1. Checking TYR133 against (1) assigned to a loop (DSSP other than H, G, I, E, B); (2) in contact with a strand residue (DSSP E or B) (Cβ under 9 Å, 6 or more places away or on another chain): exactly one of these is not met. Which one?
2. Just one of the numbered conditions (1) out of contact with any strand residue (DSSP E or B) (no Cβ under 8 Å at 6 or more places or on another chain); (2) farther than 18 Å from GLN87 by Cα; (3) in contact (Cβ under 8 Å) with a residue 12 or more places away in the chain is not true of VAL14; which one?
3. Consider LEU104 carefully, then state whether it is within 14 Å of the chain's Cα centre (by Cα) and either touching a residue at least 40 places away in the same chain (Cβ under 8 Å) or closer than 29 Å to LEU8 by Cα (or both).
4. Looking for whichever is aromatic (Phe, Trp, Tyr) and open to solvent by 100 Å² or more (accessible area, probe 1.4 Å) here; the options are PHE62, PHE40. Which one fits?
5. Out of the residues in region 91-120 meeting the condition of being of a type in the set (D, E, K, R) and either crowded, with 16+ Cβ neighbours inside 10 Å or touching a Lys or Arg at 6+ places or on another chain (Cβ under 8 Å) (or both), tell me which one is farthest from VAL134 (Cα to Cα).
6. Scan region 1-28 for residues that are surrounded by 10 or more Cβ atoms within 10 Å (Cβ to Cβ) and either in contact with a Leu (Cβ under 8 Å, 6 or more places away or on another chain) or part of a loop (DSSP other than H, G, I, E, B) (or both) and jot them down.
7. Criterion first (surrounded by fewer than 19 Cβ atoms within 10 Å (Cβ to Cβ), modelled with pLDDT of 95 or more and more than 16 Å from VAL135 (Cα to Cα)) does LYS71 satisfy it?
Amino acid sequence: MTKSYPKLSEDLRVRRLQPPAGKINMVLDTDTYNEIDDQFAIVYALLSKDKINLQAIYAAPFHNELSDGPKDGMEKSYDEIIRILEQMNEPAGGFVFRGSEGYLPGPQEPVDSEAARDLIAKAMAAPDDEPLYVVAIAAITNIASA
C-alpha cells in the first residue's frame, strides 16, 4: 500500500527545523514504571508551563523484570502516570491515555490504542505555525502506530 503525504514547501520545512522561540505544544510518550527518568520527565514538563504546553501523556508498553509483558508494563506505566499527577495536583481525565498492549507486529501493521488515536487527532489539529512536538522516551509503538 502506497501512502501519500502532503508536500511541504521548502520555506515551511526550514521554519519547522528552527528551534522554537516561545512556548511549545507537546505530548509525552513514556514507559513511566520502567525507569526513574520518566517520572522526572513528567514532573519537569508539568513544572515548565512557561515553556511547555503539555497536551497529553501516553503510556507506552515495556517488558522486563518489572512487568509480565508489554501490556502489563503499559498498564503499570499508566497507573504510575496517574500517581504522579495526583501528587502534583494535576487532573488526569482527558490528559493520560493508555497505549498499545503490545509491540508493532510488522512494519505495515499499526497497533490501535487510545494513545495512537489521540496523537492522530492532536497532530491533525495542529496549525502549521504551531507544530506539535512529540517527545518519545519509550518504545515507539504508540507513535509509529499513529
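1. All conditions are met except number (1).
2. The single condition VAL14 does not satisfy is (3).
3. Working: within 14 Å of the chain's Cα centre (by Cα): no; either touching a residue at least 40 places away in the same chain (Cβ under 8 Å) or closer than 29 Å to LEU8 by Cα (or both): yes.
Here the answer is no, as LEU104 does not meet what is asked.
4. Values: PHE62 fails: open to solvent by 100 Å² or more (accessible area, probe 1.4 Å).
After applying the criteria, what remains is PHE40.
5. Step one: list which residues in region 91-120 are of a type in the set (D, E, K, R), which gives 98, 101, 109, 112, 114, 117-118.
Checking which are either crowded, with 16+ Cβ neighbours inside 10 Å or touching a Lys or Arg at 6+ places or on another chain (Cβ under 8 Å) (or both) leaves us with 98, 101, 114, 118.
Working: ARG98: 16, GLU101: 20, GLU114: 16, ASP118: 12 Å.
Once the filter is applied, the top-ranked residue is GLU101.
6. Matches in region 1-28: LEU8, ARG16, PRO20, LYS23, ASN25, MET26, VAL27, LEU28.
7. Values: surrounded by fewer than 19 Cβ atoms within 10 Å (Cβ to Cβ): yes; modelled with pLDDT of 95 or more: yes; more than 16 Å from VAL135 (Cα to Cα): yes.
So LYS71 fits the description; yes.
The values are calculated or read from the model by the stated rules, or taken from the named source; none is laboratory data. Treat the numbers as computed from the prediction; the structure is a model and nothing was measured. Note that each Cβ is placed from the backbone with ideal geometry, even for glycine, and that neighbours are counted across all protein chains shown. Just the protein is used for accessible areas: all its heavy atoms, side chains included, with ligands, DNA and RNA removed. Shrake-Rupley method; radii C 1.70, N 1.55, O 1.52, S 1.80 Å.
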